[in-house]
1. For region 116-150, which residues satisfy the criterion of being out of contact with any strand residue (DSSP E or B) (no Cβ under 8 Å at 6 or more places or on another chain) and closer than 16 Å to residue 4 by Cβ?
2. Could you tell me whether any residue of region 167-187 is touching a strand residue (DSSP E or B) at 6+ places or on another chain (Cβ under 9 Å) and of a type in the set (Ser, Thr, Tyr)?
3. For region 101-111, how many residues meet the condition of being closer than 22 Å to residue 26 by Cβ and surrounded by 23 or more Cβ atoms within 10 Å (Cβ to Cβ)?
4. Whether any residue in region 213-228 is closer than 30 Å to residue 97 by Cβ and surrounded by 17 or more Cβ atoms within 10 Å (Cβ to Cβ) is what I want to check.
5. Identify, from the list 237, 228, 220, the residue that is under 30 Å from residue 355 (Cα atoms), outside any helix (DSSP H, G or I), in contact with a Gly (Cβ under 9 Å, 6 or more places away or on another chain) and of a type outside the set (Lys, Arg).
6. Taking residue 299 as meeting all but one of (1) surrounded by fewer than 19 Cβ atoms within 10 Å (Cβ to Cβ); (2) among the aliphatic types (A, V, I, L, M); (3) at pLDDT 95 or above, write down the number of the exception.
7. Residues to consider are 16, 79; find the one that is in a strand (DSSP E or B), touching a residue at least 40 places away in the same chain (Cβ under 8 Å) and not polar (S, T, N, Q).
Amino acid sequence: MDSLLLVVPAGAVRPVAPDTVVAGLPLLRRIVLAGQRAGFAHVVVQSDASSFDRLLGGTAATALSGGAQPLTASRCRVVILAANVVPQARWLRALRESEIETERLYADAGATAVIDTDEPAAVLAAAASSRSIGHLVETLRPRSDWADLKADDAGRFPLAAASDTGEAESWLLRSLIKQREGFMSRHFERKISLAFTRRLAVTRITPDVMTLVSLAIGLAGAPFFLSASPAYQLTGALLFLLHSILDGCDGELARLKFMESPHGAILDFWGDNVVHVAVFACMSVGLSFAQEATWPLALGAITVASVLAAAARESSHIMQDTVGAGWKARLAEAFSSRDFIYLIVAMSAIGKAHWFLIFASVGTPIFFLLLLSIGARRRA
């Protein structure tokens with residue numbers, strides 16, 4: 001079945017302007033991009049020509065014309081959304097995929113409506129002559145059965161006024177926190193990275209730039225672990241921690257501004273692993289100098305080889321933010337948590353960061369074997 005997101009005015013006494021910026025994007029553009037990300041085949045916007053061209057250039061949106069030409073001749077799921085609602089893509093996707101009766105209009109209190117219809121052109125024609133979503137719903141109700149729409153309010157944020165944008169941005173940023181993260185990442189790093197991301201969103205800085213900045217900081221910190229000095233080690237550890245914090249900004253920024261890309265994910269993934277390799281390699285050389293022995297180099301070789309092997313083997317579906325993946329996947333997630341950086345910081349403060357290499361030389365091979373086991377189970 002085809003799908004269409006129809007964006008119409010909210011009808012408020014003092015409507016929120018479509019160019020109101022929410023987390024770096026004009027409100028109307030954010031709605032359209034969320035609709036595209038949710039998988040709608042068509043996104044139609046009731047907007048004046050100047051606002052449409054200025055705010056929606058480069059998107060797949062179509063302006064609602066007076067002729068209301070049908071975009072599809074087949075049955076279509078039409079989701080009608082008020083232009084003052086900040087939506088999450090997952091919420092729109094749920095509306096697009098939910099089970100509803102054909103030719104029955106589901107509507108809530110003036111913000112959202114959904115209908116499966118064989119006549120989408122009739123809905124578009126009614127929208128073209130409607131002043132607001134409330135007016136459109138009242139126009140459509142006599143033409144079909146109707147029922148209350150039970151939508152998940154957690155997936156949308158209606159803006160009553162432009163002054164609500166700050167609260168809407170906080171709501172969007174909270175939605176970027178994954179369900180499964182390390183304790184310190186969730187309660188400490190995310191708070192800092194989200195604060196950075198909130199400020200980065202209004203700039204021209206891209207996720208790829210943030211990835212490269214994070215990579216540079218992480219690589220700059222690695223050579224400090226060549227020294228046995230607590231001051232040098234602590235400097236390296238704090239740079240490593242800063243790398244970890246900023247490494248969260250690129251993904252947050254990409255999801256917040258709909259800038260995810262395959263090459264960006266690859267750059268982020270391998271950049272992170274390159275930093276880990278550099279840190280562990282410098283630790284092994286530093287411990288070798290301190291002990292005047294070669295065995296730390298063997299530990300370093302095991303650790304680096306395991307990190308690279310795990311990175312080459314790791315696939316995106318293993319580390320997805322899902323529930324019920326089995327104890328091996330949960331254990332693999334625990335090993336992949338970057339909370340170990342705080343242990344490095346603590347050990348560096350007393351000049352013992354090198355000894356973390358012993359833990360890493362055991363943990364990283366186990367992590368690699370877990371990935372192999374999970375992959376084998378998925379293929380079975």
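The values are calculated or read from the model by the stated rules, or taken from the named source; none is laboratory data. The structure presented is a predicted model; accordingly, all values stated were derived computationally and were not measured. Methodologically, a virtual Cβ is constructed for each residue, glycine included, from the backbone with ideal geometry; neighbour enumeration extends over all protein chains shown.
1. Answer for region 116-150, where residues must be out of contact with any strand residue (DSSP E or B) (no Cβ under 8 Å at 6 or more places or on another chain) and closer than 16 Å to residue 4 by Cβ: 119, 121, 122, 125, 126, 128.
2. Here is the first cut: in region 167-187, the ones touching a strand residue (DSSP E or B) at 6+ places or on another chain (Cβ under 9 Å) are 167-169, 171-172.
Now narrow it down to the ones that are of a type in the set (Ser, Thr, Tyr): none.
There is no residue in region 167-187 that is touching a strand residue (DSSP E or B) at 6+ places or on another chain (Cβ under 9 Å) and of a type in the set (Ser, Thr, Tyr).
3. Going through region 101-111 one residue at a time, the tally reaches 0.
4. The first filter runs over region 213-228 and keeps only residues closer than 30 Å to residue 97 by Cβ, leaving none.
Within region 213-228 (the criterion being closer than 30 Å to residue 97 by Cβ and surrounded by 17 or more Cβ atoms within 10 Å (Cβ to Cβ)), the answer is no, since none of the residues qualifies.
5. Working: 237 fails: outside any helix (DSSP H, G or I); 220 fails: outside any helix (DSSP H, G or I).
The match here is 228.
6. (1)
7. Working: 16 fails: in a strand (DSSP E or B).
Checking each option against the conditions leaves just 79.
Each row is one residue, and each column tells you yes or no for (1) assigned to a helix (DSSP H, G or I); (2) surrounded by fewer than 17 Cβ atoms within 10 Å (Cβ to Cβ).
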position: 99; (1), (2): no, yes
position: 125; (1), (2): yes, no
position: 138; (1), (2): yes, yes
position: 151; (1), (2): no, no
position: 164; (1), (2): yes, no
position: 184; (1), (2): yes, no
